[in-house]
Amino acid sequence: MRLTNITRVTLPAGRVRHYAVTMGAVVREHVPISFDQRRHVSEGERPGSWMALAFRLPHPVTAERLGDAWLDVVRRHGTMRTVFSRADDGTLQLTEHAVGAGSWHEHPRSGGQLTRDAVHAILDAHCRPCSRPSHRLVLIDPSSDAADSAQTVVIGSDHSHVDMWSVLLLARDLLAALDSSAVEHDVLMRLETGRPAATLTTDAAGASASLDEAPDFADHTAALAARPAATPEVLERWAEILAAGDGLLPTLPLDLGVLRHAVPEVVEVRDILDADRLEMLSTQAAALGVRLLHMVLADLAGVTLAMTGRPLRAVFPVHSRYEPRWHDSVGWFVTNSVIECASDDPRACARDVKDALRLAATPLAGIFEPRGGMPAGPGMFAVSWLDTRRLPVQLPADLATQYVSASLRVDGVMIWFVVSPTGMHLRCRYPDTPQARESVRAWLEAVVHRLQDRTMHDAVEHRAS
């Protein structure tokens, strides 16, 4: 899976349509709201609050079949059937609704408009915190002269209902639902022609089987709320972390310019290691008794220390799918910790990660709600790590999957490291100021060079052999 941005995602030229299920009557009131959902939705209606996944379809499908399959997916995952709204007194509320078939809408295209710009407009307009629903399925039928002849699908949703793991689950379930409908179609065709029919799974009433309902994210939210309160040790550690940042979460100690408000973003995607050199780095990590993550953090810490004289301190997102039953569920299963690495020794960084994971085991609501929310200021820095090989859901490589972020105004820096069977790459988002362009680019170049340098000697020996 490739991480990219809506301003640079690769999509074929062609016809663009989008589909939304119909949200019906309320079937459940007072659905639990997670800490991150409340924080995200409370920022209000805005473009760019979504995340998306783009991928090729393995076989041509009709829009009708695709819409039916998407309805099956939405019915499988509770959070996709929920809607945020404000009560008369301003209280944020979340309700679950019955869902039904929707309709396809052609996106009007101005002359010369790129496909990515059309998709950008659709997701910005409809995938907002309080939209009904706040997700869209986009179908791109390539034009006859397009270089890529495969149909492409984009699944977009407001972030309040999904994380990176979740959008992969949605894609997998959509493909499974399409396969199921294809089997049903094959049965009917074979019956009409008198040929032996394929086996089709049915339920007790004889209806064709659909996707089973997955465990609901709302149940996960309730389970977290029922956890014990933070221990004095955890509260003390968070107090130390915030004190080190003058009451705020960690910042990247580089010159980002004057950031009195959010500014347009710069997004950089850089390849770091191919598959062979990734394997070399993995071998080096194993020899030290650590993991790839610890090697990367060590180099981040080393570069940061060399350039600023200060240790690496960053917000550290951690998934909250603590139990296997949540592995198949869609929702915002992410919490945040803080990682502090004062050494460029991977073994020391491994211990730092353990400390961060222990901190992440305590729900953030009890930590930050008394402080009025997460105390983020200009320059806030976050490091995210995703090894797609370790996820329980995998999509075939020939689908050319792209994880697509929205285009935002920002005042902080976030870097993602992504590992896949083809190697390692990073994506970094930072403010578009002259100072940040100079300082962050130099920092990124040093990080990439240091990671590549670790495997340079081994790569030379490998070629020589």
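The values are calculated or read from the model by the stated rules, or taken from the named source; none is laboratory data. Given the structure is predicted, the values throughout are model-derived calculations rather than measurements. Every residue, glycine among them, receives a Cβ derived from its backbone with ideal geometry; neighbour counts consider all protein chains shown. We work out accessible area using only protein heavy atoms, side chains counted, and drop any ligands, DNA or RNA first. Shrake-Rupley method; radii C 1.70, N 1.55, O 1.52, S 1.80 Å.
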Problem set entry | Three-way shape call for segment 1-82 based on the alpha-carbon gyration tensor, with the a/c threshold at 1.5 | oblate
Exercise. Full extension from Asp68 to Thr22: what is 0.36 nm times the residue separation minus their Cα-Cα distance, to one decimal in nm?
Worked result: 15.4 nm
Exercise. How much net charge surrounds Ser439 when only other residues with a Cβ under 14 Å from its Cβ are counted (Lys, Arg +1; Asp, Glu -1)?
Worked result: -2
Exercise. At what distance in angstrom do the alpha carbon centres of segment 288-310 and segment 151-167 lie from each other?
Worked result: 31
Seminar exercise, completed: Env charge @ Val263, Cβ radius under 13 Å, K,R +1 / D,E -1, value +1
Exercise. When the chain is fully extended, how far beyond the present Cα-Cα distance does Ser42 get from Arg310, taking 0.36 nm per residue of separation?
Worked result: 93.1 nm
For this session: Tell me what the chain gives for mean residue ellipticity at 222 nm when only DSSP H runs of n ≥ 4 count, each as -39,500 (n - 2.57), the sum divided by the residue total, rounded to 500 deg cm²/dmol.
Result: -11500 deg cm²/dmol
For this session: Would you mind working out the accessible area per residue for segment 58-180, using a 1.4 Å probe, and quoting it in Å²?
Result: 37
Seminar exercise, completed: Computed from the beta carbon distance with a Förster radius of 30 Å, FRET efficiency for Val269 and Ser103 to the nearest 0.05 stands at 0.25
Exercise. So which DSSP H runs in the chain come out at 27 Å plus along the axis (Cα) with average Kyte-Doolittle of at least -1.0?
Worked result: 164-193, 434-464
Seminar exercise, completed: Taking a ≥ b ≥ c as the square roots of the eigenvalues of the Cα gyration tensor, with a/c under 1.5 meaning rounded and otherwise prolate when a/b exceeds b/c and oblate if not, segment 38-145 is oblate
For this session: Report the extension gain between Tyr322 and Arg15 in nm, rounded to one decimal, defined as 0.36 nm multiplied by the number of residues separating them, less their alpha carbon distance.
Result: 106.4 nm
For this session: Add +1 for every Lys or Arg and -1 for every Asp or Glu among the other residues with Cβ under 9 Å from the Cβ of Cys127, and state the total.
Result: 0
For this session: Could you work out how far the C-alpha centroid of segment 217-253 sits from that of segment 82-103, in angstrom?
Result: 29
Problem set entry | segment 293-380 - accessible surface per residue (Å², probe 1.4 Å) | 38
For this session: Could you calculate, for segment 299-379, the ratio of the Cα radius of gyration to the Kirkwood radius, expressed as Rg to Rh?
Result: 1.04
Problem set entry | Percent of beta bridges antiparallel (DSSP, segment 305-425, rounded to nearest 5) | 60
For this session: Over the residues of segment 361-465, compute the C-alpha Rg and express it relative to 2.2 N^0.38 Å.
Result: 1.43
Exercise. If you count, for each residue, the other Cβ atoms within 10 Å and average over each peptide, how do 262-275, 335-348, 222-235 line up from highest to lowest?
Worked result: 335-348, 262-275, 222-235
Problem set entry | Average projection area in nm² (convex hull over Cα atoms of the chain, one quarter of hull surface) | 27.1
Problem set entry | Surface share of carbon and sulfur [accessible, 1.4 angstrom probe, percent] for the chain | 52
